[in-house]
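The values are calculated or read from the model by the stated rules, or taken from the named source; none is laboratory data. Model, not experiment: these values are computed from the prediction. We work out accessible area using only protein heavy atoms, side chains counted, and drop any ligands, DNA or RNA first. Shrake-Rupley method; radii C 1.70, N 1.55, O 1.52, S 1.80 Å.
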Amino acid sequence: MSGMHQRAEVDLAKTYATTDPILHAIDFEDVALTPVGARMVHLGAQAVLRQYIPAVELAKLTPSQAVAMFVDQVYWEENTGGLIMCAEMAHANLCLPIPSTHWAVRPTSGYSH
């Protein structure tokens, strides 16, 4: 489980060994996770809580609470199309990489004038 998150200040190029990452900040409200992507975030949140707040009852952590933990900083990685979701912790930021197949830009409901 420890491989599911990493410190934000770690060079993300280690995650993307063949290319330099090109990160673009994205508003989490513009993100739609697939069920697998949401499950990845849920498992990542459980791992973070297990490490930093072991007294928390992990079974009571809802998927929406888990996702809410990782909306402090959200980035689209241009080379892979992946998403990087980060949680701000007391002394570090922890980030979850979400593969491009497990998220999309949320469709907007456009208004016609």
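Could you work out how much longer the chain between LYS60 and ASN93 gets when fully extended? Use 0.36 nm per residue separation minus the Cα distance between them, nm to one decimal.
Numbers: separation 33, 0.36 × 33 = 11.88 nm, distance 2.35 nm.
That works out to 9.5 nm of additional length.
Per residue, how much accessible area does segment 23-105 show when a 1.4 Å probe rolls over the protein heavy atoms, in square angstrom? Kindly include the intermediate steps, with their values, before the conclusion.
Values: 4300 Å² over 83 residues.
Counting only protein heavy atoms, the per-residue value for segment 23-105 is 52 Å².
For segment 23-105, the normalised intensity computed at q = 0.20 Å⁻¹ comes to -0.86 (log10 of I(q)/I(0), Debye sum over alpha carbons, equal scatterers, no solvent).
Tell me the carbon and sulfur percent of the accessible area for segment 23-105, rounded to whole percent, probe radius 1.4 Å. For segment 23-105, the apolar C and S fraction of the accessible surface comes to 59 percent.
In the context of the full protein assembly, MET69 retains an accessible surface of approximately 40 Å², using a probe radius of 1.4 Å and ignoring ligands and nucleic acids.
In percent, rounded to a whole number, the relative contact order of segment 23-105 is 36, using alpha-carbon pairs under 8 Å and six or more apart.
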